[in-house]
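For reference, the structure is listed below as structure tokens.
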Amino acid sequence: MSEVDAPALRRRVIVLLPIAAFAALVALFYFRLGSGDPSRLPSALIGKPAPGLVLPALDGVGVPAFAPAEFAGQVTVVNVWASWCLPCRDEHPFLVQLAADKRIRLVGINYKDAPANAKSFLSRYGNPFAAIGVDSGGRAAIEWGVYGVPETFLVGRDGKIAFKHVGPIDARSLDALIKPAIEKALSLSP
């Protein structure tokens, strides 16, 4: 290699090195986040006790407030939803289906929603929840580690979070992910 080629080679390396580093970083993020599937986002709360934040009831819907103390001894599905959330409307029939399973308790956290809109939503689509807590400021969502609505958590009889599903529940996720997680939680002794 001649002396004239050395500076040109150095310039190429200087230009290509940041591009190669950026490509490696993109590949790392892509594979770490599960190839782009948002429902596979990791949760640091799995295996940890459910947040103990008590939320006020949504007045006028006939169900009590959200009280995590009531999780003890039963398998509970916690759904974070809002009337302004279009995917929440899509998943609602699957929540109604889940509520029909009397072995579990389905509760809701109404996230940053106007109470009148939340009541109208439940009046229109039905209320599958045994309890609803109002999270008007978003603090409960932070405590639960919510990325965005809708999100669904499964709390085991021991009061610990056993499973998290990010995004709307659909037929596939209900059958392939949520129902098996519920069965597993039900099979564990308290």
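Read the figures in this text as sums done on the coordinates, not as results from a lab. This structure is a prediction, so every number in the text was calculated from the model and none was measured. Counting neighbours? That spans all protein chains shown, and the Cβs are built from the backbone with ideal geometry, glycine included.
Before moving on, here are some points about what is shown:
- Label zone at Asp90 (point 7 Å along Cα-to-Cβ), backbone N below 16 Å, region 139-157: 148-152
- Extension gain for Ala69 to Arg103 (0.36 nm times residue separation, less C-alpha to C-alpha distance): 10.5 nm.
- Residue-span extension gain [Asp5 to Ile19] - 0.36 nm each, minus C-alpha spacing: 2.9 nm
- Cβ crowding within 10 Å ranks Lys184, Lys102, Lys119 as Lys102, Lys184, Lys119, fewest other Cβ atoms first.
- Over the chain, Cα pairs under 8 Å with separation of 6+ residues give a relative contact order of 26 percent.
- Local net charge near Thr76, Cβ-Cβ under 10 Å (Lys/Arg +1, Asp/Glu -1): +1
- Region 158-190 versus region 55-70: alpha-carbon centroid distance in Å: 22
- If you sort the three axes of the alpha carbon gyration tensor as a ≥ b ≥ c, you get a/c under 1.5 for region 58-153, which makes it rounded.
- Percent of beta bridges antiparallel (DSSP, region 38-187, rounded to nearest 5): 50
- For the chain, the convex hull spanned by the alpha carbon atoms encloses 161 Å³ per residue.
- The ellipsoid that matches the Cα gyration tensor of region 139-190 has semi-axes, each √(5λ) in whole angstrom, of 20, 17, 5, with the longest given first.
- Within the same chain, lysines fewer than 8 places from Lys102 are excluded, and of the rest, those with a Cα less than 23 Å from its Cα are Lys160, Lys164, Lys179, Lys184.
- Selected from Ser123, Ser173, Ser83 as most flexible by GNM, with the chain as the system and alpha-carbon contacts under 10 Å: Ser123
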